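What follows is a short report on a single structure.
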Amino acid sequence: MDRFKVVGGARLSGTVKVSGAKNSALKLMAAALLAPGKSKITNLPAIADVGYMAELLTRLGCKVEIDDKAGEVTIEVPEELGHRADYDLVRKLRASINVLGPLITRAGKAEVALPGGDAIGSRGLDFHINSLADMGAEIKLEHGFIVASTKQRLRSALISLEFPSVGATENIMTAATLAQGVTTIENAAREPDVVDLGEFLISMGAKISGLGSHTIKIEGVSKLNPATHATLPDRIVTGTWAFAAAMTKGDITIENGRVDHLEIPLDKLVEAGAVITTTENGFRVKMDKRPIAVDVATLPYPGFPTDLQSMIITLNSIADGTSIVTENVFEGRFMFVNELMRLGAKIQVDGHHAAITGIEQLSAAPVVATDIRAGASLVLAALVSEGVTLIEDSFHIDRGYPDFPAQLQSLGADVTRV
């Protein structure tokens, strides 16, 4: 297993370029199943999860060619699709559940293993299953698989989500593109990744309105056509670099960073003492002093992202003052706190609240990455620790950050893969 070796004490300075969003690229690849022929996804991040999704699509009968140099993938989708997504791949990739909607609406059947991915909470699939059942699919759980079938074209439905689930919104939206009538999703997810997927579907010929709002309407069509689409920039990677600058008293210019996708996190960094200025194609984050502790509660978009919760806890662990971070999305997000405390952080967790008392500097110790974002946060924590930190299970970080050590090295950090 790879490990990251991080020497503490670096002040990050320079320019980084943000590539396409992991949470969008994988869903776009799955959506290509809706149209026979060649679709192309550009601005693709060079991460491990793209390879997992490519293998999954290949097993479903597609021909997939990844051009790492160009940052794009070409997916040739057959007229007759396979319908089984096995556990050996699905357990590695939570986004594999996004093949469910396209398969049931195009092939009329789907067998998708219950997914794995990051250990951040239960993330039940009831919203997906119940919504597709409302559209006429027969669904059951059998031997660890979601087994879905329909003898005729899916029908339209009015679907009101109890929670604005991103995955459920995406699966309903893709399934509804080829269903009969107009499907309405109320309390839909508003994340930029959902909008990006919707725009790709529209370019394929889908009829969708209300993207980015709480109500999305999809008018089913008889057929979709392959298309080419550029993945939007990754807002979580963008946020990671912004927090990295603030934590290390650094100065980082983030190319392709979208400030409009990170309004609340950037407001929190300004509250913590950072100076943020927009540039021609991104923005710059500069910090000249120790951060000031800030309170945060995670919420669905446009609220503070749960994927940046570990970053704000790490920032607060070295900030001046005390703070409360409240997790309202995934109950398992605090798993990484025990690892951060091994570096000397003073944190008390009570239910979905974490109380953090900032100290001036952390101290190096061996730690383990429990998920993608927690792993990246531990790297940043190691940068503001005294000594050398080894981070085990760094493969998690590779699933979301293209060559993280090399990018950190370009900013002046001493981070190596061992």
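Which number comes out as Rg/Rh for the chain once both Rg and the Kirkwood Rh are worked out on C-alpha atoms?
Working: Rg = 21.3 Å, Rh = 21.8 Å.
Checking Rg against Rh, the ratio lands at 0.98.
Looking at the stretch 1-128, what % of its DSSP beta bridges pair antiparallel, to the nearest 5?
Numbers: 10 of 12 bridges.
Here the share of antiparallel DSSP bridges comes out near 85 percent.
Tell me, what is the percent relative contact order of the stretch 22-228, built from C-alpha pairs under 8 Å that lie six or more residues apart? Walk me through the intermediate numbers first.
Details: 460 pairs, mean separation 40.2, N = 207.
It rounds to 19 percent for the stretch 22-228.
Scan around Gly257 for amide H atoms under 5 Å from its own, H built in the peptide plane at 1.01 Å from N, and keep only partners 5 or more places away or cross-chain.
Amide H to amide H, under 5 Å and 5 or more residues apart or across chains, Gly257 pairs with Val18, Phe283.
If packing is taken as the average number of other Cβ atoms within 10 Å across a peptide's residues, how do 178-185, 348-355, 229-236 rank, most packed first?
Values: 178-185: 19.8, 348-355: 14.1, 229-236: 24.1.
Packing order, densest peptide first, comes out as 229-236, 178-185, 348-355.
Can you sort Val112, Val221 from fewest to most other Cβ atoms within 10 Å of each residue's own Cβ? Numbers along the way, then the final one.
On the way: Val112 25, Val221 14.
Sorted ascending by nearby Cβ count, the order is Val221, Val112.
Grab the stretch 193-320 and count how many Lys pairs have their alpha-carbon atoms under 18 Å apart, sequence gap of 8 or more, or different chains. Don't skip to the end; give the middle numbers.
Values: Lys207/Lys217; Lys207/Lys223; Lys249/Lys268; Lys249/Lys286; Lys249/Lys289; Lys268/Lys286; Lys268/Lys289.
Summing the qualifying lysine pairs gives 7.
What list do you get for Phe163, Phe145, Phe334, Phe243 if you sort them by fewest beta carbons within 10 Å? Mind showing how you got there, number by number?
Details: Phe163 11, Phe145 18, Phe334 24, Phe243 27.
Lowest to highest Cβ neighbour count: Phe163, Phe145, Phe334, Phe243.
Within 10 Å, count the other beta carbons around each residue, average over each peptide in 39-49, 369-379, and list them highest first. Can you show the working numbers first?
Working: 39-49: 21.7, 369-379: 26.5.
Descending mean neighbour count gives 369-379, 39-49.
Which one, Ser131, Ser213, Ser323, has the greatest fluctuation when you compute a Gaussian network model over the chain with C-alpha springs under 10 angstrom?
Top of the fluctuation ranking is Ser213.
Expressed as a whole number of Å, what is the distance separating the alpha-carbon centroids of the stretch 342-399 and the stretch 65-84?
Using only Cα atoms, the two centres lie 37 Å from each other.
Along the stretch 200-208, what does the Karplus equation 6.51 cos²θ - 1.76 cosθ + 1.60 (θ = phi - 60°) give for ³J(HN,Hα), rounded to whole Hz, x for Gly and Pro?
5, 4, 5, 5, 7, x, 6, 10, 10
Could you tell me which residue out of Ile318, Gln152, Ala413 lies farthest along the dipole of the chain toward its positive end? Charges go on the beta carbon: Lys and Arg +1, Asp and Glu -1, centred on the Cα centre.
With unit charges placed on the Cβ atoms, the residue in question is Gln152.
What is the P(r) of the stretch 179-301, as percent of Cα-Cα pairs per 10 Å bin from 0?
12, 33, 26, 18, 9, 2
Quick check on the exposure proxy: order Arg417, Arg399 from fewest to most C-beta atoms within 10 angstrom. It would help to have the intermediate numbers written out before the result.
On the way: Arg417 14, Arg399 21.
Fewest-to-most Cβ neighbours within 10 Å comes out as Arg417, Arg399.
Could you list which residues have their amide H under 5 Å from that of Ser160, counting only those 5 or more apart in sequence or on another chain, with H placed in the peptide plane?
Under 5 Å from the amide H of Ser160: Glu186.
Report, to the nearest 10°, how far helix 48-59 tilts away from the longest principal axis of the Cα atoms in the chain, using its own Cα long axis and a range of 0 to 90°.
Tilt of helix 48-59: around 10 degrees.
Within straight cross-link reach of Lys140, meaning Cα distance under 25 Å, which lysines are found once same-chain residues fewer than 8 apart are removed?
Reachable lysines: Lys27, Lys92, Lys109, Lys151.
None of the figures in this text is laboratory data; all of them are computed from the coordinates on show. Keep in mind that this is a model prediction, so the values were computed, not measured. All Cβ positions, glycine included, derive from the backbone under ideal geometry; neighbour counts span all protein chains shown.
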